[in-house]
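Okay, so here's the structure we're looking at.
The values are calculated or read from the model by the stated rules, or taken from the named source; none is laboratory data. Since this is a predicted model, take the numbers as computed values, not measurements. Here the Cβ is made from the backbone with ideal geometry for all residues, glycine too, and neighbour counts use every protein chain on show.
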Amino acid sequence: MFSPIFDRFAKDSPVSVIARAAIERVLNPTQLNEWFDSTAKAQYTKELLFSTVFDIISQVVCESRRSVNAAYQASKEQIGVSITSLYNKLNGIESNTSAELVRYAAGQVAPVIEKLDGAPACALPGFRIKLLDGNCIEKSQHRIKELRSIAAGPLPGKSLVVYDPLLRLPIDVFPCEDGHAQERSLLTSVLQTVMPRDVWIADRNFCTLDFTCGIDSKGAFFIIREHRKYPFQPLGEEIFIGEIETGTVYEQPISVIDQNGKEHIFRRCRIRLKKETRDGDSEICIISNLPQEAAEATKIADQYRTRWTIETAFQELTEHLNSEINSLGYPRAALFGFCVALVTYMVLSVIKAALGSVHGHDTIKNNVSGYYLADEISGTYRGMMIAIPDDEWSLFARMTTDEFVELLKVLASNVKLSAFKKHPRGPKKPALKRIMNKNSPHVSTTKLLANRKKK
């Protein structure tokens, strides 16, 4: 089926082959350009294809190239336009197009992960859990003319991300070009996507009257930590429910009146914690409208803890991928870079699901490092793309889902998990106070080590 060189990569670096196969399956150039032409509102394709822009940014995100300029220089002749034209295209990509790219990719990847048995049973059968959290892109470099005389860190944008904890995928994003905007200002857009039987889990910043009552009015559900300014009236005495791993759970019915004067009956679950939070809270309260028969208060409290899954995903984006390219100062370009990182994270999710289908999902979750997977891809990808012609990859786009999944399993069986083993660090030791000697600003390491041997 494949050439000898392809088979060599499939045997020696199957992770890189799976990554490239997933990209070809979901976002091959022809497919991507057709999608862009049907999605973009203001931008259009003249000489520079959208697939080319995506490819350049994905190289930087995966760290196979150190910068946009380096990626451009490597393909300058094939691109056929100036670096200025490339940046103009990047700076003009509409934030809506970036968001639609994430939605489109998630829709393509989800069936593959489901076929790979990558989605465990839902803790709330009959519902779809969605985690919501915000991400602020870190300050950019001061390359833009208006920023050169400003000492303050320029923020190119922020976004709200929706994460499916069962598929382990970011499935939606709501970008905002104003880096100073309040995350709550984006909740109106989020509400437009709420579907019946959704269960939205979020932190207290999203505990607003409009958002909670809006979800309830759409036949959907939520588990959101209570904000101290959230308005409600108790409808009865608080009662003891039971114990969970983190503390003691109590519950109380409450009444909430929305902006239209309509009453909503919610549940307020209070958890008295065994250990204080990092903010020093000894208890937390959770507001939910899940019916009693669907979830006891203890289950609601346990489900709220899954919210950390999305924060772990953000951490992996930062540590394993170049998700915030600080040379991209224009908001639209920066947000596009972040959305490409979300799509790349989906590729890592496909890899983990493929590995899990062969080696066991618990084994992959507990023992395989996302950092080493990303490092393998970035280290091998450039050479692999030089060695293997583009037409050999096109086969993956033509396969049925079942054929594609079976091939991923074959590739995953070649992976040596020991090369990607996690190395969790032990408990952090308290930092020693350093002694400063003004008369001796430097020391000889060799002399210090020699003194250690004398002791």
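What number goes with the only condition from (1) within 12 Å of the chain's Cα centre (by Cα); (2) over 29 Å from Ser51 (Cα atoms) that Cys339 does not pass? All conditions pass for Cys339, except number (2). Scanning region 352-368 for residues that are surrounded by fewer than 18 Cβ atoms within 10 Å (Cβ to Cβ) and not in a helix (DSSP H, G or I) yields one hit, Gly360.
Each row is one residue, and each column tells you yes or no for (1) surrounded by fewer than 18 Cβ atoms within 10 Å (Cβ to Cβ); (2) in contact with a Phe, Trp or Tyr (Cβ under 8 Å, 6 or more places away or on another chain); (3) assigned by TED's automatic domain parsing to the domain that holds Lys352.
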site	(1), (2), (3)
Asp172	no, no, no
Gln182	yes, no, no
Ser185	yes, no, no
Leu191	yes, yes, no
Asp198	no, yes, no
Leu209	yes, yes, no
Gly214	no, no, no
Lys218	yes, no, no
Phe221	no, yes, no
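Residue selection: Ile223 satisfies the criterion of being of a type in the set (A, V, I, L, M), in contact (Cβ under 8 Å) with a residue 40 or more places away in the chain and within 18 Å of Asp281 (Cβ to Cβ).
The condition of being basic (Lys, Arg), out of contact with any Leu (no Cβ under 6 Å at 6 or more places or on another chain) and farther than 17 Å from Met384 by Cα holds for only one of Arg8, Arg66, Arg20, that being Arg66. Of all residues in region 179-208, those satisfying the criterion of being of a type in the set (A, V, I, L, M) and assigned to a helix (DSSP H, G or I) are Leu186, Leu187, Val190, Leu191.
Yes/no matrix, rows are residues, columns are (1) over 20 Å from Glu316 (Cβ atoms); (2) touching a Gly at 6+ places or on another chain (Cβ under 7 Å); (3) touching a residue at least 24 places away in the same chain (Cβ under 8 Å); (4) not in a loop (DSSP other than H, G, I, E, B):
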position: Leu411; (1), (2), (3), (4): yes, no, yes, yes
position: Ala431; (1), (2), (3), (4): yes, no, no, no
position: Arg434; (1), (2), (3), (4): yes, no, no, no
position: His442; (1), (2), (3), (4): yes, no, no, no
position: Arg452; (1), (2), (3), (4): yes, no, no, yes
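Looking only at residues in region 380-399 that are among the small types (Gly, Ala, Ser), touching a residue at least 60 places away in the same chain (Cβ under 8 Å) and part of a helix (DSSP H, G or I), the one that is surrounded by the most Cβ atoms within 10 Å (Cβ to Cβ) is Ala397.
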